[in-house]
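Visitor: Can you read through this structure? Questions will come right after.
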Amino acid sequence: MKKGSKILLCVSLCLCLISGIFASAFMTDHGAVDVEDLRVVVDDGKYITAQIYIPKLASAENKLPLIVVQHGSYNNYDHQDQNMIELARRGFVVISPDAYNHGNSYVIDGGTQFTNCIHLIDYACSSYTFIDLDKVGISGHSMGAGIASETVRHYFEQAATGAGPNRVSAIVDVGYDPQYTPYQFEGVDEPVDLTIDWGVIAAKYDEWFFKDANGDPRGYLQNPNAVAFINQLDGVDVTEVVNHKIYTGTIDGEEYIRVINQNTEIHPLNHFSKNSCADMINFFYAAFGVPSGYEKIDAYDQIWQWKEFFNCVGLVGILLFLFPFADMLMSGTKFFAELKQPEPAPAPALSDGKKKASYWITYAINTIIPALLVVPIAFKLIGKQSFVPSTVTQWFGEPNTNELAAWTLAVAIALLAVFLISHALTKGKGEKGVPECWGVKTSLRVLWKSFLLAVATVSAAYVILFFTDLVFNVDFRIWVIDMRVFDRVKLPFLLAYIPAWILFYLVNSLLVNGGNRVEGRPMWLTLLISCIGNIAGIAVLIFIQYHGLINNGTFAFNSMRIVNLFPLIVLIPVGTLISRRFFKETGKIYAGSFVIAILYCLMTVANTMVNATILY
């Protein structure tokens with residue numbers, strides 16, 4: 001094992017340790033908040049996983065408000081970090097659950113049920129003596145706001161029909177339209193007024209909600225729905241909503257508040273936004289006051305970004321860990337030693353105009369192909385033009401992953417076909433077979449050992465992750481890129497989806513090391529050209545979508561399919577760099593491609609919605 005690999009291995013492990021220590025420190029506000037994992041089993045055997053943040057001053061003698069914050073679709077409770085951390089350090093008890101079919105909560109075949117927050121609130125209110133039962137709030141993002149709204153509706157109906165108390169007295173819908181009209185319940189003669197404090201946090205460029213008749217979300221503050229929402233309050237009569245203004249008025253003789261906060265951001269940034277976080281804080285301060293024993297902290301005095309930064313440090317550490325750990329196995333064991341082979345010579349220089357033209361035409365086509373296949377493969381063929389991904393079977397139970405896997409497979413086949421056709425048209429006279437520079441020729445024994453090396457390497461990375469979760473209760477991630485712990489439900493999906501990822505990264509490595517690595521071209525330029533080719537097409541797709549939305553409020557493509565591309569802008573180039581390092585050491589495309597494919601596939605299946613499973 002080379003000295004450089006030893007140093008890199010030590011650095012990567014240190015980064016993971018630093019990540020765990022400091023992410024945990026900021027998560028707990030340096031010990032001022034206790035963070036505990038929950039697994040609540042409900043009457044029918046279903047279970048809900050969650051985290052609860054308990055401020056140190058919470059006690060039976062000093063009861064504190066409870067706020068439940070619910071993530072959106074295809075996410076998990078970690079995506080409410082900003083709200084959990086900032087509300088808890090201000091003295092609110094906060095619970096963030098995994099919705100059914102998300103995270104590690106129970107999988108309900110056929111889709112998510114919107115009842116998990118009801119079960120969780122009932123559990124919390126009956127189990128914890130430190131909760132002020134008169135100050136229970138709820139918030140959710142996107143689908144999570146739909147769950148929050150259904151939860152409020154449930155408690156209103158429960159109170160209206162005499163079946164039980166209305167436990168929730170405040171709600172914030174984030175990235176989701178609020179209730180605009182009174183409730184209508186079967187068996188209740190009169191409409192039930194919305195006697196609750198209600199707030200809204202809206203992205204100016206929201207891809208799904210707050211739209212006018214033309215589908216434009218930008219003018220929501222002037223939208224008749226927004227005006228009607230504020231005018232639910234007696235004594236308030238507005239024709240245009242003032243952004244961030246907390247309106248106070250009465251409903252049925254009692255005082256309540258309404259507020260709409262519109263921030264200049266997109267829907268996925270609602271849960272990664274200083275402004276939206278501040279709006280959440282200000283709302284619950286207005287609804288519940290400053291919790292007993294705590295002083296008011298300015299809403300823009302936030303520390304959650306530091307936790308996210310150190311979560312990202314851990315993710316960087318894990319990515320840096322992959323090659324040096326594999327190098328240690330190849331250098332230190334007889335079994336893997338034969339995988340170390342000299343790097344083959346690069347492809348011949350582009351010596352004439354025909355070869356140059358063929359190379360750059362092939363490069364341009366392969367850059368465009370991924371973007372061209374998103375809509376026909378993901379949206380139309382697999383997604384069947386549904387509003388959001390929903391196609392599943394028991395073996396292929398993740399709707400988002402189904403579309404991504406099919407697109408990945410189609411892209412790999414198309415890129416390989418174009419590459420091979422180009423080679424056939426330009427190969428030298430008398431040139432036969434597969435060129436050595438491709439790093440493809442191998443034996444079954446080397447191929448098998450390359451796969452085992454990848455399994456060992458990714459397994460070691462996840463041992464670090466599970467250790468970090470066990471000791472520090474944090475994972476490795478940034479925004480929508482998440483390497484998180486998983487349960488047994490996810491493992492069959494790894495087997496189902498891994499072929500698509502393996503083929504894609506084998507083809508990617510072939511194009512980088514067999515196509516872009518040409519004689520006379522410096523390696524930094526080869527990598528730059530490769531990374532640009534990886535993402536330029538989908539970057540243009542994203543630009544087209546948001547240029548239209550920002551400038552005229554129109555959408556060129558289905559929003560969910562474009563949002564699903566965001567992580568790839570980072571992950572594919574990073575995978576290219578790592579697999580290139582493996583190629584340099586092994587002379588083959590296999591080991592590095594297997595490592596990245598297994599890691600990325602497992603990250604994907606562990607971090608999205610599951611709508612069907614073979615396990616129960």
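Visitor: For residues in the stretch 460-487 being under 20 Å from the mean Cα position of the chain (by Cα) and either part of a helix (DSSP H, G or I) or among the hydroxyl-bearing types (Ser, Thr, Tyr) (or both), which is farthest from residue 36 (Cα to Cα)?
Guide: The qualifying residue farthest from residue 36 (Cα to Cα) is 461.
Visitor: Here's something else I'd like to know. What pairs come out if I take residues in the stretch 104-127 that are assigned to a helix (DSSP H, G or I) and pair them with residues that are of a type in the set (Ser, Thr, Tyr) whose C-beta lies under 8 Å away, six or more apart or interchain?
Guide: 116/100; 116/105; 117/151; 118/151; 118/155; 121/151
Visitor: Can you find a residue that is free of Cβ contacts under 8 Å to residues at least 12 places away in the same chain and assigned by TED's automatic domain parsing to the domain that holds residue 513 anywhere in the stretch 389-406?
Guide: no
Visitor: Let me ask something else about it. Just checking, does the stretch 387-396 include any residue being surrounded by 14 or more Cβ atoms within 10 Å (Cβ to Cβ) and part of a helix (DSSP H, G or I)?
Guide: For the stretch 387-396, residues surrounded by 14 or more Cβ atoms within 10 Å (Cβ to Cβ) and part of a helix (DSSP H, G or I): absent.
Visitor: With respect to residue 526, determine if the residue is among the polar types (S, T, N, Q), under 28 Å from residue 309 (Cβ atoms) and touching a helix residue (DSSP H, G or I) at 6+ places or on another chain (Cβ under 7 Å).
Guide: No, not satisfied.
Visitor: Among the residues that make up the stretch 131-144, is at least one of them within 26 Å of the chain's Cα centre (by Cα) and acidic (Asp, Glu)?
Guide: No: the stretch 131-144 contains no residue that is within 26 Å of the chain's Cα centre (by Cα) and acidic (Asp, Glu).
Visitor: May I pose another question? Which residues, taken from the stretch 517-536, are in contact (Cβ under 8 Å) with a residue 40 or more places away in the chain, in a helix (DSSP H, G or I) and surrounded by 21 or more Cβ atoms within 10 Å (Cβ to Cβ)?
Guide: Hits for the stretch 517-536 are 530, 533, 534.
Visitor: I'd like the residue in the stretch 283-300 that is within 18 Å of residue 171 (Cα to Cα) and touching a Gly at 6+ places or on another chain (Cβ under 9 Å) and, out of all such residues, is surrounded by the most Cβ atoms within 10 Å (Cβ to Cβ).
Guide: 284
Let's see how each residue does on (1) touching a Pro at 6+ places or on another chain (Cβ under 8 Å); (2) over 30 Å from residue 324 (Cβ atoms); (3) crowded, with 16+ Cβ neighbours inside 10 Å:
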position	(1), (2), (3)
17	no, no, yes
20	no, no, yes
44	no, yes, no
50	yes, yes, yes
58	no, yes, yes
66	no, yes, yes
80	no, yes, yes
90	yes, yes, yes
101	no, yes, yes
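Visitor: Sticking with this structure for a sec: If a residue has to be out of contact with any strand residue (DSSP E or B) (no Cβ under 8 Å at 6 or more places or on another chain) and assigned to a helix (DSSP H, G or I) to count, how many in the stretch 310-341 make the cut?
Guide: Qualifying residue count, the stretch 310-341: 21.
Visitor: Across the stretch 459-474, what is the number of residues that are touching a residue at least 12 places away in the same chain (Cβ under 8 Å) and within 16 Å of residue 320 (Cα to Cα)?
Guide: Matching residues across the stretch 459-474 total 5.
Visitor: Restricting attention to the stretch 168-202, which residues are within 22 Å of residue 212 (Cβ to Cβ) and either of a type in the set (Lys, Arg) or free of Cβ contacts under 8 Å to residues at least 60 places away in the same chain (or both)?
Guide: 173, 176, 177, 178, 179, 180, 181
Visitor: Hey, can you tell me all the residues within the stretch 421-459 that are outside any helix (DSSP H, G or I), on the phi < 0 side of the Ramachandran plot and not basic (Lys, Arg)?
Guide: Those that are outside any helix (DSSP H, G or I), on the phi < 0 side of the Ramachandran plot and not basic (Lys, Arg): 428, 431, 434, 435, 440, 442, 443.
Visitor: If I ask for residues that are hydrophobic (A, V, I, L, M, F, W, C), at pLDDT 95 or above and more than 25 Å from the chain's Cα centre (by Cα), which ones from the stretch 210-230 would you list?
Guide: Selection gives 221, 226, 227, 228, 229, 230.
Visitor: Using the structure shown, decide if residue 569 is buried (at least 21 other Cβ atoms within 10 Å of the Cβ) and assigned by TED's automatic domain parsing to the domain that holds residue 415.
Guide: no
Visitor: Applying the selection to the stretch 256-268, what residues are surrounded by 19 or more Cβ atoms within 10 Å (Cβ to Cβ) and of a type outside the set (Phe, Trp, Tyr)?
Guide: 258, 259, 260, 261, 262, 263, 265, 266, 267, 268
Visitor: Follow-up. Using the structure shown, decide if residue 507 is β-branched (Val, Ile, Thr), at pLDDT below 95 and crowded, with 19+ Cβ neighbours inside 10 Å.
Guide: no
Visitor: Yes or no: the stretch 228-236 includes at least one residue that is exposed (fewer than 14 other Cβ atoms within 10 Å of the Cβ) and farther than 21 Å from residue 287 by Cα.
Guide: Within the stretch 228-236, none of the residues are exposed (fewer than 14 other Cβ atoms within 10 Å of the Cβ) and farther than 21 Å from residue 287 by Cα.
The values are calculated or read from the model by the stated rules, or taken from the named source; none is laboratory data. Just so you know, these numbers come straight off a predicted model, no measurement behind them. Virtual Cβ from ideal backbone geometry, glycine too; neighbours counted across all protein chains shown.
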